[in-house]
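Input: one structure, supplied below.
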Amino acid sequence: MAGECSSKEVQRLLEAITSSDVVEIRVQLLTKLGESDVYDKSDLASLIASLTMFWEDFTCLDISQCMLNKIILHVAAKKIESDISGCLGHFLSLGIKASIWCGKHLNMTLMSTEESEEEEHSNLFFQMLLDLLRYSAACFSALARYPISDAKELMDIVEKCTFEQLNLAKNSISEIKRMNAFGLEVMKAAQLVLDAVIRLCKVYSDSVNLDFVYASAENGGKSMDCEEADKANHVVSIIKCTVKQFCDLGVLAANDGGSLVTLLNSSWKGVVTLLQLGKGAFATKLNVADILLMLVSLASDSLRCAAESWFSLLTERVSVSEAKRIFLPVKFYLINAVRISSQYPCQAFSAYKEIALCVLIISTFRILLSKEELLTSASEVLVELLEPISVHLLNSFLNSAQLKQEDKFLILNWLFDENDLSFVAVDLSNGTEATQKDAIFSLSSDNMHGARMLVLGRVSLFLNLLKSAPDLENDVRLGIARKLGWLLDVLVDEDVYSSCLTLQIPTPYGPGKTPEVAYQSMFFSILHALKTFMISVSSSVAWSEVESFLITNIFHPHFLCWEIVMELWCFLVRHAGADMVNDIVEKLCALLSYVASSESVLVPCSGLRKIARSICMLLKHVSQPTVDQVYNTIVGSNRSHSSQSSSIMLVALLMEGFPLNLLSHKTRSVATQRILKEYFQFMESFADASSRDCSSGVFGAPVFALSAALQSLQVSVSDIDMKTLGFLVSLIQRYRETVENLTKDHHRKLLSETLSIISNVKHLYTSDGMEEVIFELQNLFISGPAVSDPQLYECKPNLATFMAGFGHTELAENDDNGSTKRSAVLELYHMLLSEQHWAFVHLAMETFGYFAARTSCSQLWRFVPQNAALSFDLDLGDEANEERFLAELKVFLEKERALLTMTPSSDQCQLLIQEGEILKQVIQKYQNTDLGAVGCEEMCRDVENQPRKRRKLPDGITQGVELLQSGLKVISDGIPHLEQNHFDHAGLHNKFLTHFLHLEELIGQLVGLAASV
């Protein structure tokens, strides 16, 4: 029966225990001692010191000796709940000794359990381990009840006890799977230890003067010689040790495979809690960057393991539940990383490269998963769980008020480096997605630059930053705005270009914290992100950078980049104020007037046509008065430019789709009448004007204007009459008769445009003059002397459109000796369908498909030649097959019932990559060209196969240039005499020199042009 024990009785029992060599007797005496209550502090200290001495440090597990140690722990645990303020060190020393001993015997016990069926020894040891873990938790709780000691010896004991007991808890948890029935109990007991040490750290941190903690941090960690400083250093040591052990436990739980979820949660939450103690004062003494590196490493390792598992056996679809099982722990790591980096960005900044790389890997992994049909569910789950928190992790640096602006710009420059666009590093991305996966997860922050497999991930990450702009500070928005040019530069890359047009990526859609995931083209994702960014920065300092970006790239040479920039311009004018819109349009019209020239209006890629194209796109999104204003500025009575310049600009605008239908009714009526009037006037004067006007202005401008305007003008049947057919016949005849190349070129262009006009006026196909037109076209393209003219191919696109119109006419259903008109139509179709240029094949199919769907002819097969381009085998190219052509035609006729969304095949993607490579070469050539020394280049023609004839300048011009050079030398020789003779007219001398230098520059340019011809 338990009762009070006097000091003499305690002493007597201790002496008896010491003098006895029999373990069983010691056990009995300790049991009796443990059942009694000791109230005297000196006796309690003596008792615990003796218990520590009695602890058996045997090398082999003996039941009786193990029982003795268990009784010692039982006695000590019972006494620790009393007032132990005077003997804390004794209890802790016992805990240290017991922890070291249990740690040493833990592995030995587990090995013996596996080798032997005898479980009595191991069961006793595990029971004692449980008792020791509970005793450790009691020790930490006891320490929390008393003030921090200022005794150096006790401080050392507390620190050592903290380390040993946490180390034992960690080692025990690492082996719980081998403990069989005891595993769960050991886990619960170890969790008690972790909870108790967290409470102790909280109590200790609250009782320390934080000024000494900060002072120690500023002092480089050197201890300061005072009592409060010693206490602060003591608490810092305990917290450091605890954080280290908790991180190790977190890594252990992460590597376990998911069975230690509770430990995973408590360990990393414990780390976050410890870092927050003292309002973050103790975090200044810890290596926060290392903790973050552990978390991002765990996240990357988990993703790598998932990738290895999924890509190794791509035989069945990865389920949503499986993806969530993998990604939820990764999200947990990232959430804790966000918490730490948000609170301590300055300490974490040293690890920004590794953290940014982890975010970039997640972004790239998302793209990689979306490319595999069986992994699309995993890609959707990644978008839902990981992508938002990963971007938040990066923004915890970018949005921090504690980091300097240059630090934030450094992160953006490191992620989106303009000098990294050459991708000079070894390309590890060739091959399958599995190969790319290995390359992605093998990268480090030192070798990631230049890695092609990350380029799409960079684009995706940049888009996410653009979309998160509403939540970013102004300095970060400014940094992102300065990187908009990087986005266009990277879109020039062939892989990005092809992915932009074909890749469908999962994107969060809808309001709320849990939006749905929908698939969206990467191209539209880019537009959406850029528009979101424009709205976010519209009233910030970054807007000037956005304006500069839009202005600089309004004539970007890459068509995809230009499309994106123009869409942003259209978005701007749709929502901008009237004054801004009018100012933009006015400046573009002034630029159009400045570059207008008759030589460039018919060149699709010339500066004039590019500006006109931009204006026309913008006008589709502005108000009606603005459209009227532009038209009146160009061709109205209040215009300031010449009639020829006005005609040039009008033709350029119409050819680029000027929205005539958006004009006010009155202005549109005036415009229509003007276009038709000038067209008829030109036809009437064609016989006289053809030989006289070809060398000046845009010959036949009214024809080009009407051809371009017919798409939007509502022209009545009576407006365009039979004269057009007669005009076309005259053009064909003059083309055959003309020898001079310049005139022939003008006639060929007019012929093509007139075919386009007729194709839009259906009633002309039933006119009497159409038969003559057909015969003339047959003679021109098939049987006449002009068939060998290599330039005639320029007319074939509009000829194909013209031929489609015969679907609305009646063609005689005769035998082979039937209607000559039908035979001519048949031969023209034979010619078009036999063309083997890919562009003509497409046009011919479109034409014949339209014709076949609307004509009443029952013998369509007669219109298909044996050598039709699509009847040839695609692989060999030498075997014609009529069934193949009919199959392709059937697909074409049924295309309206095709799905709106299509998954591109690998062949299509490869073709886009090849196209991207060609476009990239064009851009590089453009960037390396001195634009001031060359004129407009006609990029749309395939000029490589055309004969290049060097034209010689007339003798008068050559002699004049030589005289200018001679005169320039004479003036140069006389300048020194000017200064000598007019020393009192320094102003005159300076003015003369200025004009002379300008003259010298102009003559130099003229000489260069003459030499290049």
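The values are calculated or read from the model by the stated rules, or taken from the named source; none is laboratory data. Everything quoted here is computed from the prediction, not taken from an experiment. With ideal geometry, Cβ positions are generated from the backbone for all residues, glycine too; neighbour counts draw on all protein chains shown.
Conditions tested, residue by residue: (1) among the polar types (S, T, N, Q); (2) part of a helix (DSSP H, G or I); (3) at pLDDT below 85; (4) in contact with a His (Cβ under 6 Å, 6 or more places away or on another chain).
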| position | (1), (2), (3), (4) |
| --- | --- |
| Val787 | no, yes, yes, no |
| Cys795 | no, yes, no, no |
| Ala804 | no, yes, no, no |
| Gly807 | no, yes, no, no |
| Glu810 | no, no, yes, no |
| Ala824 | no, yes, no, no |
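Is it true that some residue in the range 588-601 is buried (at least 19 other Cβ atoms within 10 Å of the Cβ) and either of a type in the set (Val, Ile, Thr) or under 31 Å from the mean Cα position of the chain (by Cα) (or both)?
Within the range 588-601, one or more residues are buried (at least 19 other Cβ atoms within 10 Å of the Cβ) and either of a type in the set (Val, Ile, Thr) or under 31 Å from the mean Cα position of the chain (by Cα) (or both).
Of the residues in the range 506-540, how many are under 24 Å from Leu484 (Cβ atoms), buried (at least 21 other Cβ atoms within 10 Å of the Cβ) and either at pLDDT below 90 or basic (Lys, Arg) (or both)?
Final tally of qualifying residues: 1.
Identify, please: which residue in the range 631-645 is modelled with pLDDT of 85 or more and out of contact with any Cys (no Cβ under 6 Å at 6 or more places or on another chain) and is, among those, farthest from His746 (Cα to Cα)?
First, the residues of the range 631-645 that are modelled with pLDDT of 85 or more: 631-634.
Filter once more, so that each one left must be out of contact with any Cys (no Cβ under 6 Å at 6 or more places or on another chain): 631-632, 634.
Working: Tyr631: 27, Asn632: 29, Ile634: 24 Å.
Of everything passing the filter in the range 631-645, Asn632 is farthest from His746 (Cα to Cα).
Something else: Of all the helices (runs of 4 or more DSSP H) wholly in the range 84-196, which have at least 1 residues that are of a type in the set (A, V, I, L, M), free of Cβ contacts under 8 Å to residues at least 24 places away in the same chain and surrounded by fewer than 21 Cβ atoms within 10 Å (Cβ to Cβ)?
Passing ranges, in order: 88-115.
Go through (1) part of a helix (DSSP H, G or I); (2) surrounded by fewer than 23 Cβ atoms within 10 Å (Cβ to Cβ); (3) out of contact with any strand residue (DSSP E or B) (no Cβ under 7 Å at 6 or more places or on another chain); (4) of a type in the set (A, V, I, L, M, F, W, C) for Ala378 and report which single condition fails.
So Ala378 meets the others, but not (2).
So, one more: Show the residue pairs that are 6+ apart or on different chains and have beta-carbon atoms under 7 Å apart, the first residue being within the range 749-769 and more than 13 Å from Lys723 (Cβ to Cβ) and at pLDDT below 90, the second being not in a helix (DSSP H, G or I) and not hydroxyl-bearing (Ser, Thr, Tyr).
Taking only residues 6 or more apart or on different chains, the pairs are Asn760/Leu710.
Consider Gly270 carefully, then state whether it is touching a helix residue (DSSP H, G or I) at 6+ places or on another chain (Cβ under 7 Å) and surrounded by fewer than 18 Cβ atoms within 10 Å (Cβ to Cβ).
no
Here's a check for you: in the range 804-863, which residue that is touching a residue at least 40 places away in the same chain (Cβ under 8 Å) and acidic (Asp, Glu) is nearest to Ala887 (Cα to Cα)?
Restricting to residues being touching a residue at least 40 places away in the same chain (Cβ under 8 Å) and acidic (Asp, Glu), the top hit is Glu846.
Right, next: Taking the range 573-587 as the region of interest, how many residues are in a helix (DSSP H, G or I) and surrounded by fewer than 18 Cβ atoms within 10 Å (Cβ to Cβ)?
Qualifying residue count, the range 573-587: 8.
Taking the criterion of being in a helix (DSSP H, G or I), more than 23 Å from Ser499 (Cα to Cα) and either among the aromatic types (Phe, Trp, Tyr) or out of contact with any Cys (no Cβ under 7 Å at 6 or more places or on another chain) (or both), would at least one residue in the range 359-372 satisfy it?
No, every residue in the range 359-372 fails to be in a helix (DSSP H, G or I), more than 23 Å from Ser499 (Cα to Cα) and either among the aromatic types (Phe, Trp, Tyr) or out of contact with any Cys (no Cβ under 7 Å at 6 or more places or on another chain) (or both).
Kindly indicate which of Glu888, Glu917 is at pLDDT 85 or above, closer than 25 Å to Leu501 by Cα and acidic (Asp, Glu).
Working: Glu888 fails: at pLDDT 85 or above.
When all the criteria are applied, what remains is Glu917.
Looking only at the range 720-747, filter to residues that are touching a Phe, Trp or Tyr at 6+ places or on another chain (Cβ under 7 Å) and closer than 18 Å to Glu794 by Cα; which one of those is surrounded by the fewest Cβ atoms within 10 Å (Cβ to Cβ)?
Lys744
Tell me which of these Gly250 doesn't satisfy, since it passes every other one: (1) of a type in the set (Gly, Ala, Ser); (2) crowded, with 21+ Cβ neighbours inside 10 Å; (3) farther than 23 Å from Ile173 by Cα.
(3)
Filtering the range 448-470 down to residues that are within 17 Å of Leu491 (Cβ to Cβ) and of a type in the set (S, T, N, Q), which residue is nearest to the chain's Cα centre (by Cα)?
Filtering first and then ranking leaves Ser460.
Here's a follow-up. So which residues in the range 686-740 are at pLDDT 85 or above, over 23 Å from Gln791 (Cβ atoms) and over 54 Å from the mean Cα position of the chain (by Cα)?
Within the range 686-740, Lys723, Leu725, Gly726 qualify.
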